[in-house]
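Student: Starting off with a structure, shown below.
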């Protein structure tokens, strides 16, 4: 599928995919990146799970019923979707495109399986995988949450190693050892995409035409 066919190559805004195993610090990095960079927005996923107290529709998730979600799958409205137990989760194509039309780069915080789906539909998307600095540090971070017993932590460690085996499918790798350094590297990736040759030609066409007479 070409970028034109995907429907995303017509915009100068970039679709970023960020994935990581649990405990790598992805959520904290994404939150800091969004706070630091006003030109990027997180795409809000749709889900069929019940809305929890304190959650805001359109902010935490777009809450929809199962029939509407399944219609979206039939209509190929989702860039990626998955079923987790009895609930569906997915990223709607039109939500991403609406943000890009407004001039924002868009960020998706998803797993490697969702990233695989998106790469097939939007091959020009830029994918980033976050790694922990060591197995020991990953385990320490999981334990420091104080939310899980040893059995759950052991399962999370096994799941993390399975997820990390897909690192080579991504365009960029960022090791989250020093948080500020990892954040700077994420921002560098975003900046580099904005300075891409073809994007700059479109962005500065009037200037380039004037300079070349």
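Student: Would you mind telling me the antiparallel percentage of the DSSP bridges in the range 3-92, rounded to 5?
Tutor: Approximately 75 percent, going by the DSSP bridge assignments.
Student: Counting each DSSP H run of 4 or more residues in the chain as -39500 (n - 2.57), what helix-only mean residue ellipticity at 222 nm follows after dividing by all residues, to the nearest 500 deg cm²/dmol?
Tutor: -13500 deg cm²/dmol
Student: Which log10 I(q)/I(0) values, to two decimals, does the chain give at q = 0.11, 0.13 Å⁻¹ under the Debye formula with one point per Cα?
Tutor: -0.60, -0.82
Student: Still on this structure, please answer the following. Is any residue of the range 78-102 close enough, with backbone N under 15 Å, to a label point placed 7 angstrom from the Cα of residue 67 along the Cα-Cβ axis, and if so, which?
Tutor: Of the residues in the range 78-102, none has backbone N under 15 Å from the label point off residue 67.
Student: Starting from the Cα of residue 148, step 7 Å toward the Cβ, then list every residue of the range 107-125 with an amide N under 18 Å from that point.
Tutor: Of the residues in the range 107-125, 110-113 have backbone N under 18 Å from the label point off residue 148.
Student: On a 0 to 90° scale, report how tilted helix 179-194 is relative to the longest principal axis of the chain, with both axes built from alpha carbons and the result rounded to the nearest 10.
Tutor: Tilt relative to the chain: about 30 degrees.
Student: Follow-up. Quick one: check the C-alpha center-to-center distance for the range 111-162 versus the range 11-66, whole angstrom.
Tutor: 16 Å
Student: While we're on this one: Obtain the nm distance between the two label points defined at residue 210 and residue 180 by a simple spin-label model: each point lies 7 Å from its Cα along the Cα-to-C-beta direction.
Tutor: Reported label-point gap for residue 210 and residue 180 is 3.9 nm.
Student: A further question follows. Quick one: grab Rg to one decimal and Dmax as a whole number for the range 35-125, Cα atoms only, in Å.
Tutor: Expressed in Å, the Cα Rg and Dmax of the range 35-125 come to 13.3, 38.
Student: Another question about this same structure. If you wrap a convex hull around the Cα atoms of the range 12-65, how much volume per residue is inside, in Å³?
Tutor: 126 Å³
Student: Among DSSP beta bridges lying fully in the chain, give the percent that are antiparallel, nearest 5.
Tutor: Expressed as a percentage, antiparallel bridges in the chain total about 30.
Student: When the chain is modelled as a GNM with alpha-carbon springs shorter than 10 Å, which of 114, 25, 54 fluctuates the most?
Tutor: Highest fluctuation of the listed residues: 54.
Student: For the range 78-99 and the range 168-193, what is the centre-to-centre distance using only Cα atoms, to the nearest Å?
Tutor: Their Cα centres are 25 Å away from one another.
Student: Using Cα atoms only, what is the angle between the long axis of helix 26-36 and the major principal axis of the chain, expressed in degrees (0 to 90) to the nearest 10?
Tutor: Approximately 40 degrees, to the nearest ten.
Student: Once the Cα atoms of helix 135-144 and of the chain are each reduced to a long axis, what angle between those two axes, in degrees from 0 to 90 to the nearest 10, is obtained?
Tutor: With rounding to tens, the tilt is 70 degrees.
Taken together, the values in this text are just the output of simple stated rules run on the coordinates, not laboratory data. Source: prediction; values computed, not measured. Here the Cβ is made from the backbone with ideal geometry for all residues, glycine too, and neighbour counts use every protein chain on show.
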